[in-house]
Each structure stands twice: as structure tokens, then as C-alpha cells.
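Take a look at the structure set out below.
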Amino acid sequence: MKLAVSRITFLLLWAVNISTQAQTTQIGPPSLALRDTLSTSVSLADSTRTESPKPRLSPAVKVMGAVLAGAAVWTATYAWVDEPLQKYMQSHRTKPLDELAKVVEPMGRQRLFLPATGTLAVIGFALGDPNLRKAGTVSFGSLLISGGVTGFIKNQVHRYRPSGTNENHFYDWGMDVSENTSFPSSHTTVAFAVATSVSSVYGKEYRIVSPLAYGMATLVGLSRINDNAHWATDVMAGVALGYLSAKGSLLFYNLAESKLSNRKRRFTLAPQVGFSSASFTASVTF
């Protein structure tokens, strides 16, 4: 009898032990292996999650947008600003403004800047100063480009100056000879061609260069409006021509320099300036 009770007690204790282990397994925390697996899955999901790239405009689209925006501003100025601004400026002219215009006006003369920039380029070549050589050469080239383009447009459009009429829409289109050459402003073109050239070379190294260069060029353009020699749209066209001619000259210079440096050649581009003509002399040394 005692033996039977002992066996029954043993069986009851064994059953309680198994039941306890089963409950512990069901309600206990996840195993370390399962936790590591879940953490790894979350980490992989985070690492593979990438942001969608932002769309970027191509250079051609940017240029086209800038051209369209500039054309829109120019058209609006032609329609609503030219004549009112001319009347306002002439009715508010003062002696100090006239004196300031006299001071800055020579800074838009091509016949002064051509020999000056050509001389700077020659000095840069002689001294081996790459920045001075580049600034002088690019400025000289931009003046040749802008001078040719400006002269061609003037001789095709023949726009009347504000000093000859109070209305901005009079032209002698296509005439072989005409004294009306208001569009575009050659003074402004020259000033911005030189300002853009100098700013492109020295602007990053010296932050004060760009504000000074473009500020002086802006004063030249405003002086032409003050002197009643040009409409506002003449000046705006001069700004665009000067800027684009300088960037074109800079592009050509950088392209030629990179091509020659890759081929281990020496390129010399020296301007030659006379009293009535200007040109470049180029040489390549192998």
C-alpha cells in the first residue's frame, strides 16, 4: 500500500513539472536567435530604403529658361518702361549726376579698352602670370566678339535715340546709311564684357572683384540713360551682349588651354593692337 502511494505521488510530481515547463515555454520572451533575426531584417529594410532622386534640369533647359525670362523682361520694359523712364530721368537730371556720367562714360569706350586689355594679356604672358594672361586675353577676345556683333546689329536696326524722339519705336530698318544707331548700347556692351571677363577670372579668389566690376559696368549703362543717349532696352541688350561675349571668349580660352595641356603643347595667344585695327597672333610649340 505504501509503495503504491509513493508511485502515485511520483507520477503527480512528474506531471506538474512537465506542465510548468510547457507554460514557461509558451509565455516566455522570444529567444535571442529570433530577436537577432528580427533586428537584422529591420536593419536591412532601413538600408535598402533610398530616397528617390530629385529631378535636375539639363544645362540646355536652364539656358532656354534664362533666354525666355530675359526676353520677357526686355519685352515688358520695351512696352511699359522705356518712355516713362526716359521722361523721368530727363526731368530729374542734376549737375552731380551729369558729372558722374562724365566720369564713368569713358569706361565704356572700346577704343580705350582694346589696347588696355591687349597690353594686360601681353604682360601676363611676359610675367608668366596665368590669371593676368587669362583676364587680358578673355577681355580682349570678348571686346572683338561684342564689337563685331554690336556693329552688325546697329547697322541693321538703326533705332532712333531718345535724344531725337520721345517714342521708342522708330527705326530705319535695313538702310545702308543712317545716323540712328541707338540699339544696342555699345558702351554698356564694352563695360559688361570687361566686367564679366575680370569677374570670371578673379571673382572666386577675391570676392570684392565681382561687385566692383559689375557695379562700375552698371553705372556706365545708367550714364547712357542719364545722358539721353539710349533707351533702357538698349542698355539691357548691351548687358546681354557683353556678358555672353565674355562667356564665349572664356569658353574658347579654356577649351584651347585644356586641349593643348593634354597634348603637352605650349600655346601662345598674343593680341596685336594698332591705332585703327586689332588682331590676335597665335602660335603652338610642340
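The values are calculated or read from the model by the stated rules, or taken from the named source; none is laboratory data. Computed from a predicted model, the values in this text were never measured in an experiment. Glycine also receives a Cβ, built like all others from the backbone with ideal geometry; neighbour counts cover every protein chain displayed. Each accessible area value is taken on the protein alone, full model and side chains, heavy atoms only, with ligands, DNA and RNA left out. Shrake-Rupley method; radii C 1.70, N 1.55, O 1.52, S 1.80 Å.
Counting only heavy atoms of the protein chains and using a 1.4 Å probe, L57 has close to 110 Å² of accessible surface. Note that region 59-210 shows a convex hull volume over its alpha carbon atoms of 166 Å³ per residue.
In region 90-157, the alpha-carbon atoms span a convex hull of 112 Å³ per residue.
A 1.4 Å probe run over region 101-208, with the rest of the protein chains in place, finds 49 Å² accessible per residue.
Full extension of the segment from A69 to N131, taken as 0.36 nm per residue of separation minus the current Cα-Cα distance, would add 19.0 nm. E257 sits with roughly 80 Å² accessible to a 1.4 Å probe, with DNA, RNA and ligands left out of the calculation. Shape summary: region 192-254 maps onto an equivalent ellipsoid whose semi-axes, from the alpha-carbon gyration tensor, are 23, 15, 6 Å in decreasing order.
All C-alpha pair distances within region 144-205, sorted into 5 Å bins from zero, spread as 4, 18, 21, 18, 14, 9, 7, 5, 3, 1 percent across the bins. Leaving ligands, DNA and RNA out of it, report the carbon-plus-sulfur percent of the accessible area of region 101-210 at a 1.4 Å probe. Carbon-and-sulfur percentage of accessible area, whole number: 60.
Peptides 176-187, 192-203 ordered by packing proxy, namely the average of other Cβ atoms within 10 Å per residue, highest first: 192-203, 176-187.
Measuring only protein heavy atoms, the 1.4 Å probe finds L112 accessible over about 90 Å².
Show F170, F252 ordered by accessible area, largest first, where the area counts protein heavy atoms only and the probe is 1.4 Å. The partial results should precede the final answer.
On the way: F170 85, F252 130 Å².
Per-residue accessible area, sorted high to low, gives F252, F170.
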